[in-house]
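The values are calculated or read from the model by the stated rules, or taken from the named source; none is laboratory data. These figures come from a predicted structure and were not determined experimentally. Cβ atoms come from the backbone with ideal geometry, glycine included; neighbour counts cover every protein chain shown. Side chains included, ligands, DNA and RNA excluded: accessible areas come from the protein's heavy atoms. Shrake-Rupley method; radii C 1.70, N 1.55, O 1.52, S 1.80 Å.
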Amino acid sequence: MRNLPRTYWCHADRHGVEPDVVPLKDVTTNSPGAAVEWVRESVREVSASLDRETFHLVWGWLGDHRAVQAAVVELRRGEPYTFAVEGRTDRWRWTAYPVSALPLVSTCPRSTSRERIGELAAAGARGMPP
């Protein structure tokens, strides 16, 4: 049996009393380094909205390059990586999960010619049925 390719799903959770300060989107990536970098960028995005004490904790973690290396190693081993902070009114948690991805299969039948695919694409671009 073939192994499925590994990808990394990155997700952020926020629990707090105030409305969402910065909406964060989940992402998937093929690299554990890119997954950790997404976590770091997402943390940077919300850092300005954190209380002073939490802000300093977050920036200390952002400057800790050994923690970055350790996170990449954890993901390569197949373990999820989580960074969490708790402020006065909010709790944030960023997680990168290693997941197996199913390969995508083309939905175009093999018998469809390039010309026909072009016609279908042009019709769809005009908002008309083929």
(message) All but one of (1) open to solvent by 90 Å² or more (accessible area, probe 1.4 Å); (2) modelled with pLDDT under 90; (3) closer than 27 Å to T7 by Cα; (4) more than 21 Å from the chain's Cα centre (by Cα) hold for L102; state the number of the condition that does not hold.
(response) (4)
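Could you identify the single residue in Y81, Y8 that is aromatic (F, W, Y), touching a Ser or Thr at 6+ places or on another chain (Cβ under 6 Å) and open to solvent by less than 80 Å² (accessible area, probe 1.4 Å)? Break it down stepwise before answering.
Working: Y81 fails: touching a Ser or Thr at 6+ places or on another chain (Cβ under 6 Å).
Every option except Y8 fails the conditions.
Anything in the stretch 15-67 that is under 27 Å from R77 (Cβ atoms), in a loop (DSSP other than H, G, I, E, B) and modelled with pLDDT of 85 or more? List them, or say none. Let's see the steps before the verdict.
In the first step, residues of the stretch 15-67 are kept if they are under 27 Å from R77 (Cβ atoms); the result is 24-44, 57-58, 60-67.
From the residues that got through so far, the ones that are in a loop (DSSP other than H, G, I, E, B) too are 24-26, 30-31, 63-64.
Matches in the stretch 15-67: D26, N30, S31, G63, D64.
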